[in-house]
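Trainee: Structure below; questions to follow.
No value in this document is a laboratory result; all are computed from the given coordinates. Note that the structure is predicted; figures quoted are calculated from it, not measured. Positions of Cβ are backbone-derived with ideal geometry, glycine not excepted, and every protein chain shown enters the neighbour counts.
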Amino acid sequence: MKRWAWMLAFVVWTGTGLRTAEAAKAPVVTAVGTIEITVADLDRSIGYYRDVLGFAVAGQSEASGAAVEQLEGVFGAHVRSARLQLGSEAIVLTQYLAPRGRPVPADMRSNDRTFQHIAIVVADMERAYKHLREHAVRHISNEPQTLPAWNKNAGGIKAFYFADPDDHALEVIWFPPGKGDPRWQRAGGAGSALFLGIDHTAIGVADTARSLRFFRDALGFKVAGESENYGTEQEHLNAVFGAHLRITGLRAGSGPGIELLEYLTPRDGRPAAPDLHANDIAHWQTVLVTTGVAQALDAAAREGGIVVSAKPVDLDDRLAGIHRAALARDPDGHGLLLAQ
C-alpha cells in the first residue's frame, strides 16, 4: 500500500473509532419525564393534588387492551389516567378500574426500598406547612425540619414529609440561597405561587454503588450532588429513629432529578415485594426518555434491572407524550418507564 493510501486508511479508521467511542458515551437516557403514580380513586386524587398542592389538570384519558397489558404486565388492564402540571414538571395519576391492586402496606417505612416520593419546592415553608395543616394532611415528619449548618451540602434546607390519600409519601422542600437549582430562587419571589414545581423524585436503595452502576454507568445519568445526612433533624424528617443516610442526586439532560437514599443505619429496611405489580397502589413508575427503548431495556437488564415488558410496545399515550415504551425495574424494584 502506498504511504498516502495507508495514511488515509488510518485517518478513516481512527475517525470512525473516535466517533464510535463518542457514540458509546452518549447517555441512553436523555431526560426524566413525568412521574406516574398508581392511585385507588382518580377523582379523589385529582382533587387532592389540585386543591391542596396547586397542580393543574392538563388532560385525562382511558385505555385498555393488549398494548396496556403488555406494557404494564397486568392482564385485563383497564385504566383511567390524568396528567397534572406544576410549573415545568408533571405527574400522571393512574387508577386501575380492572384489575384492582393492593393498597400501600399500612406499616410502610421511609427506609423500606419500595419507598419513593416527589419533592415539591415551596416558596415559603412556614406558609406551606400552615396550608397543609389547614387541609389536614397526614404527617410523616412530626413537623418541618431545618437541616443543620454543619451539613455543607444540605445545611439550611427545610423539608417536611406527609402522605396523600393513598399513603404515598410526599415532600415539600425549601432551598436557601446557594442551595438547589437556581431557578427555585428566581421562582420564589414576591407574589409567586406557593408550590413551585418538582425538584426530584427520591427512591430507597440498598447499595449506592450498585445503583450508580445502573443509573450512571448503564443509563447515562450524571451525579449532581452527594451528602451524608444524620442527626435529630433527619430522624424526625424521615420518621426513622437513628436515620443516617447516604444521599446521591442524579440528573439527566432535563427534567426532575432522581435522588438515591441509602440508609447506612438502620439497615432493617425491607426490600420491595417481588410480586409488586403496576396496579398495586405502592407502584410508581418514572418516565425516562431514551434514545431507543430496546437499547435502554438491554442496558437496564445488563446492570441488574428487571424487565417487565417482554419487548418495546407501540402506543399512543398523549398524556405522557409517549409513542413507544417498555416497563423495567431498577435493582431495588422501582418502576421505570423507558420511553420514546
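Trainee: In nm, what is the difference between 0.36 nm times the number of residues separating ARG133 and GLN60 and their Cα-Cα distance?
Mentor: Stretched fully, the ARG133-GLN60 segment lengthens by 23.4 nm.
Trainee: Also, quick follow-up: First measure r as the distance between the Cβ atoms of HIS323 and GLN185, then evaluate 1/(1 + (r/R0)^6) with R0 = 41 Å and state the FRET efficiency to the nearest 0.05.
Mentor: 0.70
Trainee: So what is the relative contact order of the chain, in percent, for Cα pairs below 8 Å that sit 6 or more residues apart?
Mentor: Averaging sequence separation for qualifying contacts and normalising by length gives 23 percent for the chain.
Trainee: With Cβ to Cβ distances under 9 Å as the rule, what net charge do the other residues near ASP332 carry (K, R +1; D, E -1)?
Mentor: Summing Lys/Arg as +1 and Asp/Glu as -1 gives +1.
Trainee: A further question follows. Using the structure shown, select from LYS179/LYS222; LYS158/LYS222; LYS222/LYS311 the pairs with a Cα to Cα distance greater than 20 angstrom.
Mentor: Long pairs (Cα-Cα over 20 Å): LYS158/LYS222; LYS222/LYS311.
Trainee: Follow-up. Just to be sure I understand: if I project the alpha-carbon convex hull of the range 116-265 onto a plane and average over all orientations, what area do I get in nm²?
Mentor: About 9.0 nm², averaged over all directions.
Trainee: Still on this structure, I have one more. Of HIS200, HIS117, VAL39, whose Cα points farthest to the positive end of the dipole of the chain (charges on the beta-carbon: +1 Lys, Arg; -1 Asp, Glu; origin at the Cα centre)?
Mentor: HIS200
Trainee: For labels at ASP167 and ALA239 in the simple 7 Å Cα→Cβ model, what's the distance in nm?
Mentor: 1.0 nm
Trainee: Can I ask one more? Evaluate the chain: find the radius of gyration of its Cα atoms, find its Kirkwood radius, and give the ratio Rg to Rh.
Mentor: Computed over Cα atoms, the ratio is 1.01.
Trainee: Taking R0 as 30 Å, what FRET efficiency do you get between ARG270 and LYS311 from their Cβ-Cβ distance, rounded to the nearest 0.05?
Mentor: Between ARG270 and LYS311 the formula returns 0.45.
Trainee: Only helical DSSP H runs with n ≥ 4 go in: add -39500 (n - 2.57) per run for the chain, normalise by residue count and round the 222 nm mean residue ellipticity to 500 deg cm²/dmol.
Mentor: -6500 deg cm²/dmol
Trainee: Right, here's the next one. Report the residue, chosen from PRO182, PRO103, PRO266, that carries the largest GNM mean-square fluctuation when the chain is represented by alpha-carbon nodes joined by springs under 10 Å.
Mentor: PRO182
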